[in-house]
Amino acid sequence: MSNSKKDQNEILEKLGIQQLNPMQEEAMEVIAHNSSVVLLSPTGTGKTLAFLLPVLEVLNPEETNVQVLILVPSRELAIQIEQVTREMGSGYKANAVYGGRAFSKDKIELSHPPAILIGTPGRVADHIRRETFSVEAIKVLVLDEFDKSLETGFEAEMSEIILALPNLQKRILTSATEAELIPRFAGVRNPEYVNYLGEGKSELQVKVVESPSRDKLETLVSLLGKLKNEPGIIFCNFKDSIQKVSDNLNNKKVSHGCFHGGMEQKDRERALIKFRNGTHRLIIATDLAARGIDVPEIGYIIHYELPLKSEEFTHRNGRTARMHKKGTAYVLKWEKESLPDFIDFDSRDQQITQASDKPNVRWQTLFISGGRKDKISKGDIAGLFLKQGNLEKEELGNIELKQDCAFVAVPAAKASALINELNNSRLKRKKVRVTLI
């Protein structure tokens, strides 16, 4: 992607946004006129756009090296910000680097340096040590969800990275919770705060559901039957718990996905893709999914296991009932179990009885072995499925386009026929495989 300035109105039009929200407008103004800014706003309020828009204004289209470094606590957040940056169509190249993928792949992408580099602290520090890219032109540093990066043990790497940046002019820190203490190594001096944590209170209901059995599995299935086809997240504390719940739901033929740190990165990405496009209306996750991932607005979350800290409870609940939205957090509790003091609830529901309804599988996800690097666009993919695949427009679900592949949601009843019809078709000049994931 060539480096050239695009008008902010063009960017918003491309994103389908008519107007920025008050937090984004204030953040843009403050970031533009201050060298150190701390942006505090709940999950799902648009912090990424709030800091990207003013950052784009200070980029130099003639500069050929990295100008902006964005450090994030998770691979998923790195990928999400990279995707948002590309969707903005700003004209500036952006790349994400993170653990869990080949270092050689990073080196190929960084051989033509992006204007904006997004990455996890461990992988970015590794690149700086190996001098994969120049740090001389980096003027802007963003520590996104900086408190989460500190929680997950990245303090040493973040400190090392910041010390290696000789020409920083602007520092932006973001969080979805009240910052306790800004670490000294961040180099923030007398920051301006943009704090919207108390604004736009969501309409979150917390309901306690008591289970007669300690494992709570039957109560969970009954609750899911009551909630029917609404999308939601089931939170567990450990990956072993996720496996136990997943096995039980598989036995009950309840379709779902899983998401935790022990999974391969490819599998984690695909779990989120299938959740976003509706293939899975349900995902079982650890607190890794409590923030920093791109998922749609959901109606409820379920605490299958009680969170260990109040912060975890807050972040889990933040996945539903975002600003001005309604949502419910269900707390599953064995009848002899005590609730932590930080869990306040609105009601108890002891009347959850066995329900036969299960989430319907409406969509399936197809993989296409071609992407942006093959000059393939979403329009090309839509044309293939609508014309050659004979789908009606309303039958074509969400299309996610990656560098080297794409994912398409299609009606479950038509998935096999579409594979037979479209596998080994040509998109642009590339023959692509079409398979089910």
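Readers should treat all values here as calculations from the given coordinates under stated rules, not as data from a laboratory. Predicted, not measured: the structure shown is a model, and the values here were computed from it. Here the Cβ is made from the backbone with ideal geometry for all residues, glycine too, and neighbour counts use every protein chain on show.
When the Karplus curve 6.51 cos²θ - 1.76 cosθ + 1.60 is applied with θ = phi - 60°, which whole-Hz ³J(HN,Hα) does each residue of region 259-273 get, with x for Gly and Pro?
8, 7, x, x, 7, 4, 4, 4, 5, 5, 4, 5, 4, 5, 4
How big is region 8-195 by the Kirkwood estimate over distinct Cα pairs, in Å?
That comes to 16.5 Å for region 8-195.
Among the aspartates and glutamates, which have Cα under 17 Å from the Cα of residue 216 when same-chain residues fewer than 8 positions away are ignored?
Straight-distance partners of residue 216: 240, 247, 305, 335, 337, 349.
Would you kindly state how much longer the chain becomes between residue 335 and residue 230 on full extension, computed as 0.36 nm times their sequence separation minus their alpha carbon distance, in nm to one decimal?
35.2 nm
Quick one: what are the phi-derived ³J(HN,Hα) couplings along region 107-124, Karplus 6.51/-1.76/1.60 with θ = phi - 60°, whole Hz, x for glycine and proline?
Each residue of region 107-124 in turn: 4, 4, 5, 7, 5, 10, x, x, 6, 10, 10, 10, x, 7, x, x, 6, 5 Hz.
Across region 218-233, in residue order, what do the Karplus-derived ³J(HN,Hα) couplings come to in whole Hz, using 6.51 cos²θ - 1.76 cosθ + 1.60 with θ = phi - 60° and x for Gly and Pro?
Each residue of region 218-233 in turn: 5, 5, 4, 4, 5, 5, 4, x, 5, 7, 6, 9, 6, x, x, 10 Hz.
Filter 228/309; 107/431; 252/414; 252/326; 148/266; 378/431 down to the pairs with a C-alpha to C-alpha distance above 18 Å, please.
Violating the 18 Å limit, Cα to Cα: 228/309; 107/431; 252/414; 252/326; 148/266.
When the convex hull of the C-alpha atoms of region 122-230 is computed, what volume per residue in Å³ does it have?
212 Å³
5 Å is the cut-off here: which amide hydrogens, built 1.01 Å from N in the peptide plane, fall below it relative to residue 70, excluding neighbours closer than 5 in sequence?
Result for residue 70 returns 117, 118, 119, 142.
In nm, to one decimal, how far is the residue 420 label point from the residue 326 one, both placed 7 Å along Cα→Cβ?
4.5 nm
Tell me, 40, 173 in order of fewest to most beta-carbon neighbours within 10 Å?
40, 173
Among DSSP beta bridges lying fully in the chain, give the percent that are antiparallel, nearest 5.
20 percent
Show me the three semi-axes of the equivalent ellipsoid for region 61-142, from the C-alpha gyration tensor (sqrt of 5 times each eigenvalue), largest first, rounded to whole Å.
Its equivalent ellipsoid spans semi-axes of 17, 16, 12 Å.
Normalised by the empirical 2.2 N^0.38 Å for globular proteins, what value does the Cα Rg of the chain take?
Relative to the rule-of-thumb radius for its length, the chain sits at 1.01.
Would you please put 240-249, 260-269 in order of how densely packed they are, using the mean number of other Cβ atoms within 10 angstrom per residue and starting with the highest?
240-249, 260-269
Provide the descending list of Cα extents for region 363-436 along its principal axes, expressed in whole angstroms.
Here the spans come out as 31, 20, 20 Å, largest first.
Work out, step by step, the length gained on full extension between residue 377 and residue 310: first 0.36 nm times the residue separation, then minus their alpha carbon distance; give nm to one decimal.
19.7 nm
If you find the alpha carbon centre of region 294-330 and of region 68-106, how far apart are they in angstrom?
Distance between centres, Cα-based: 26 Å.
So if each residue of separation counts as 0.36 nm, and I subtract the Cα-Cα distance between residue 107 and residue 32, what length gain in nm does that give?
The span from residue 107 to residue 32 would gain 23.8 nm if fully extended.
What area, in nm² and to one decimal, does the C-alpha convex hull of region 203-349 cast on average over all directions?
It is 8.2 nm².
Amide H of residue 427: which non-local residues (sequence gap of 5 or more, or other chain) have their own amide H closer than 5 Å, using H built in the peptide plane?
Residues meeting the amide H criterion: 432.
Sum -39500 (n - 2.57) across every DSSP H segment of at least 4 residues in the chain, then divide by the residue count to get the 222 nm mean residue ellipticity, nearest 500.
The helix-only estimate for the chain comes to -9000 deg cm²/dmol at 222 nm.
Just order 416-425, 282-291 by mean Cβ neighbour count inside 10 Å, highest at the front, would you?
282-291, 416-425
Label-point separation (nm) for residue 348 and residue 64, each offset 7 Å from Cα along Cα-to-Cβ?
Those two pseudo-labels are separated by 7.0 nm.
How many nm separate the modelled label positions at residue 15 and residue 265, each set 7 Å beyond the Cα in the direction of the Cβ?
About 2.5 nm, to one decimal.
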